Amino acid sequence: MTTGREEFSYDDRISRDFVVATLFWAVVTFLVGMVIATQLFSWRFNFNIPWLTFGRLRPVHTNAAIFAFSANAVFAGVYYSSQRLLKARMASDILSRIHFWGWQLLIVLGALSLVLGFTQGKEYAELEWPFDIAIALLWVVFAINFFATIAKRREKHIYVSIWFYIATILTVALLHIFNSFALPVSFLKSYSVFAGVQDAIVQWWYGHNAVAFVLTTPFLGMMYYFLPKAAEKPIYSYRFSIVHFWSLVFIYIWAGPHHLLYTAVPEWAQTLGMIFSIMLLAPSWGGMINGLLTLNGAWDRVKSDPVLKFLVASILFYGLATFEGPLLSIKTVNLLGHYTDWPIGHVHSGGLGWNGLLTFGMIYWMVPKLWKTKLYSIKLANVHFWMAVVGISLYAIALWIAGVQQGSQALAMDTVTHRLKFPDFMATITAILPYYQMRALGGLLYLVGAVIGVYNLYRSMHGAVQDEKTSAAPLSGKVTGKGHRFFEAVPLAFTLLTLLAVGVASFISIAPTFLASDRAIVDARIKPYTPLEHYGRDIYLREGCYNCHSQMIRPVVAETLRYGAPSLPQESMYDHPHQWGSKRTGPDLARVGGKYPDLWHFRHMADPRSIVAASVMPAYPWLETAKMELGDLSNKLQVMKHLGVPYNDDEVRTAAELAAAQAKQIAANLQVQAAGQGSFVGMEDKEIIALIAYLQRLGKDGVKP
């Protein structure tokens, strides 16, 4: 042993565990994605089973992509690289194990809750309040272990990867906790404390920055570690790294409102989101260039090294996604692309191209090191690479074309008659079904490639499993360095500065929505939902209807001709959470109330093809037999009252009776409208009645611009 150096070993077991978990959840995530991709062009794949419908499986897929596949990949990479960059074993093996097993249990139980219909109805944050608390607690466990390891490090200056990990840990905690504020009704039911415009701003501050600080910053940190390792070359530019980190961390937070262009959100917020989204292009491409230039002199190796192939392709997809995001945030482009499949293609080119390829490249590099072995098959790794690249390319191209066609047809106007060229919404959906099939083919290629990769890696995991031993001199001496080097040597100062950058940007972008609340707009025409309508809204959330239907009519001539007057801020002031949606596989529902008779809705839910022959919507026959459970309806209204919805005490106390009375009236309407063509005796206590009540209420408060 060299004088003054300490021998120790890294905790490689935790990295191995997270690698295995990542591979397992990758296959599960892609498989569920494949199922819902087929459901979009063939309704039969919903199987008329409640827990297998698109509305329930889509949140399973999105949450699995974030919390199962991506998060496990992040943990695998962070645990492996941090120990080596800090020259220290993780502070606590026990905390590492709690983190691992707690996270896997959370994924399983969370997925089960979603397929069973327990959801908050907030995109990318559907998990109910007990799971939100569990996520926060496990994140704290991870954070304590990580920062305690920094405190015991043997390396004075923290490397760029650690900067990105610090930003990730701090910001994800802030985003998740703030967006998850809710009042519980029962063990698996709660309502967001935010509503309407406020909820939309907070939700997309969270939703966009979940992409930023779960799917971007930690993966950039891993890129800065694993790319130089695989290329056996130092990162191209330290100065690029500094500019990349600080500009990205500060600017990204502001960009959320670009998801809400042309909505009821204040114009200033929309403009702010657009400006900062466009500004994001510079730091994002700076990071991409920094990564690619690191390979100067090593490009010949890319041809033969599958690890470098995966890493280079991932960086190129990062560049593509970070160009496409700012492009879609330009208002004129967003007018065409929003509510179409274009953003879905954008998200997947980032998720499968950037995150997926980087993850597999990282794992192909880690497995031989962690298992002290060689990769089972270079040939299979290359097959995996090409199937993944071709698969995600087909996927993205299909949805780019589909999205542009959707947007173009939805906005197309006859210049002579000033009428819609395509008044039938289903005509657009029918036209893009071939692209949905092409998307499914791309997804299938990506899935099969992943299975091949998992097999290859599994066959490689048969070496001598033991923790890597090393030695390093203990940290000593005064803090040295100037400027940024000083902050790198003082992690507490660096962490506080990062928190300040994220916190200030978050406060300025969100706080004004609470000062200029939509509730400040006094409009006596806006009434709370009746108890039965509220119950029906919960069914709407449970079945995931927001995944296909929006409730936001934009101030665009084509939309007002198709759907009615533009949506106003106060119309959703009692919606906890808001239901503006982000995609239209079905038409907007903001003013659907009264447009069709009750019998139309009943038959449409029981068999959509009996109403619209070309419909790809799943059927919901179980709503005709499932009985309403009105026992906790008073508790639900009481919670809503606490949240500011103006129910009086009598309405809260007699909620079940009021709901039953309205349900009887709707059942009687069905009997009359059927005119002897069917019996609706005994339907007054069925869930379909409550859902009809909710749908018939939408847009009927008489609000006009």
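No value in this document is a laboratory result; all are computed from the given coordinates. Note that this is a predicted model, so its numbers are computed, not measured. Note: ideal-geometry Cβ built from the backbone for every residue, glycine included; neighbour counts use all protein chains shown.
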State the answer as a single residue: which of Asn48, Gly350, Val612 lies farthest towards the positive end of the charge dipole of the chain, with beta carbon charges of +1 for Lys and Arg and -1 for Asp and Glu, about the Cα centre.
-> Gly350
Stretch Ser186-Tyr596 to full length: gain in nm at 0.36 nm per residue minus the Cα-Cα span?
-> 144.2 nm
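Assigning unit charges at the beta carbon (Lys, Arg +1; Asp, Glu -1) and nothing else, what dipole magnitude in debye, to the nearest 20, does the chain show about its Cα centre? Spell out each step's value before the answer.
Working: 57 positive and 45 negative charges, 406 e Å.
In total the dipole reaches around 1940 debye.
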Could you give the nm distance between label points at Gln665 and Glu232, where each point is 7 Å from its Cα heading toward the beta carbon?
-> 7.9 nm
For the chain, the charge dipole (Cβ of Lys, Arg +1; Cβ of Asp, Glu -1; about the Cα centre) points to a positive end, and the Cα of Ala674, Leu630, Leu272 closest to that extreme belongs to Leu272
How long is the gain from Lys469 to Ile177 if the chain were fully straight, where each residue apart is worth 0.36 nm and the alpha carbon distance is subtracted?
-> 101.3 nm
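Is it possible to state the helix-based mean residue ellipticity at 222 nm for the chain, with each DSSP H run of 4+ residues giving -39500 (n - 2.57), the sum divided by total residues, to the nearest 500 deg cm²/dmol? What is it?
Values: 27 runs with 428 residues, N = 705.
About -20000 deg cm²/dmol.
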Pair-distance profile P(r), taking every C-alpha pair of the range 537-697, with 10 angstrom steps and integer % = 9, 35, 37, 18, 2
List the residues whose amide H sits under 5 Å from the amide H of Glu6, counting only those 5 or more places along or on another chain, with H placed 1.01 Å from N in the peptide plane.
-> Ala472, Ala473
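Quick check on the exposure proxy: order Asp598, Asp607, Asp650, Asp132 from fewest to most C-beta atoms within 10 angstrom.
Numbers: Asp598 24, Asp607 15, Asp650 9, Asp132 20.
With the fewest neighbours first, Asp598, Asp607, Asp650, Asp132 line up as Asp650, Asp607, Asp132, Asp598.
So how strong a dipole does the range 484-641 carry about its Cα centre when Lys and Arg Cβ are +1 and Asp and Glu Cβ are -1, to the nearest 20 debye?
Details: 17 positive and 15 negative charges, 50 e Å.
Around 240 debye, computed over the range 484-641.
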Stretched fully, the stretch from Met413 through Lys641 gains (0.36 nm per residue minus C-alpha distance, one decimal, in nm) 77.7 nm
Sequence-separation-based contact order of the chain, relative, with Cα cut under 8 Å and 6+ spacing, percent | 17 percent
Labelled set (i) 1.04; (ii) 0.99; (iii) 0.95; Rg/Rh (Cα atoms, Kirkwood Rh) computed from this model equals the value at (ii)
